[in-house]
1. Before we move on, is Thr157 surrounded by fewer than 18 Cβ atoms within 10 Å (Cβ to Cβ) and of a type in the set (Ser, Thr, Tyr)?
2. Determine whether segment 125-135 contains at least one residue that is more than 28 Å from the chain's Cα centre (by Cα), in a strand (DSSP E or B) and charged (D, E, K, R).
3. Please work out which residue is surrounded by the fewest Cβ atoms within 10 Å (Cβ to Cβ), limiting yourself to segment 169-201 and to residues that are closer than 16 Å to Asn133 by Cα and in contact with a Gly (Cβ under 9 Å, 6 or more places away or on another chain).
4. Failed condition for Thr150, given (1) surrounded by 11 or more Cβ atoms within 10 Å (Cβ to Cβ); (2) more than 14 Å from Ser199 (Cα to Cα); (3) touching a residue at least 60 places away in the same chain (Cβ under 8 Å); (4) not aromatic (Phe, Trp, Tyr), with all others met?
5. Can Phe124 be described as surrounded by 14 or more Cβ atoms within 10 Å (Cβ to Cβ) and of a type in the set (Phe, Trp, Tyr)?
6. Evaluate segment 102-124: report whether one residue or more is touching a Cys at 6+ places or on another chain (Cβ under 6 Å) and not hydroxyl-bearing (Ser, Thr, Tyr).
7. Take the conditions in contact with a Cys (Cβ under 8 Å, 6 or more places away or on another chain), touching a residue at least 12 places away in the same chain (Cβ under 8 Å) and hydrophobic (A, V, I, L, M, F, W, C) and apply them to Ala155. Does it pass?
8. Touching a residue at least 60 places away in the same chain (Cβ under 8 Å) and either hydrophobic (A, V, I, L, M, F, W, C) or not in a helix (DSSP H, G or I) (or both): does that describe Arg191?
Amino acid sequence: AAFVVTTGPATAPLPSPLPARPAPLVESAPSPAPADAAPSPTAKPATPAVKSPTAITPVTIPEVRPPEVSAPAPDADITHTKGLTPRLEAWVQAGTSSRPLYLGETVGAGTKLQLRYDPQGRRFVTLAGRDSNGIVEVYGTVAGGEPGLTSAPFALTLDDSKGEQAFFAICTDDRPSSEAVMSAVKHNPVRMNGAAVSSVVVRKD
């Protein structure tokens, strides 16, 4: 039992025949709140019971990689689009710059020319020339390269002979021999089995 001590004026207590017995403390139950009573602002909502999470079995997803694309084998079949023929152009070099040869332009001895070609998908390009006297030269065979015009890895300097100088790009899927190219270029028109041929003519004065 709890006792409360108070302070006040010193007054003598009245004598009592028997000491007063303290009343027993009875803890009374709180009165139920009416049904329509508003909840107390300080009341906290009851915490809902939390269910234990269901165990999840991890799933391993296999890694998917795109298929690797390999270069075609040397003996693989090659499909060429019908109607696309190789291109060959002659460019005039002037110092560090160059320009295409104009249509009908005449050039003189000592002019430097560079050949540019587009084999349209063929693997090899053989460059050759034939002058007005029928003399044939094979300059070399290079790889077809990427689509579009590609500059030959060399330049040609014209000599002092007069007349027309014809240049040829013989495009093949197999590397031809120099003898086969020379034999084909000697004749007009230039034809070789399994080859597509493009040409350009330069007039010299």
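Only the coordinates and a few stated rules stand behind these numbers; no lab work does. Because the structure is a prediction, the values reported are computed rather than measured. Cβ coordinates were reconstructed from backbone atoms using ideal geometry, including for glycine residues, and neighbour counts include every protein chain displayed.
1. When the stated conditions are applied, Thr157 passes them.
2. Taking segment 125-135 and keeping what is more than 28 Å from the chain's Cα centre (by Cα), we get 125-135.
From what is left, the residues that are in a strand (DSSP E or B) are 125-130.
Now drop any that are not charged (D, E, K, R), which leaves 130.
Within segment 125-135 (the criterion being more than 28 Å from the chain's Cα centre (by Cα), in a strand (DSSP E or B) and charged (D, E, K, R)), the answer is yes, since at least one residue qualifies.
3. Lys186
4. In the conditions (1) surrounded by 11 or more Cβ atoms within 10 Å (Cβ to Cβ); (2) more than 14 Å from Ser199 (Cα to Cα); (3) touching a residue at least 60 places away in the same chain (Cβ under 8 Å); (4) not aromatic (Phe, Trp, Tyr), Thr150 misses (3) alone.
5. For Phe124, the condition - surrounded by 14 or more Cβ atoms within 10 Å (Cβ to Cβ) and of a type in the set (Phe, Trp, Tyr) - is met.
6. Scanning segment 102-124 turns up at least one residue that is touching a Cys at 6+ places or on another chain (Cβ under 6 Å) and not hydroxyl-bearing (Ser, Thr, Tyr).
7. Judged against the criteria, Ala155 is not a match.
8. Here the answer is no, as Arg191 does not meet what is asked.
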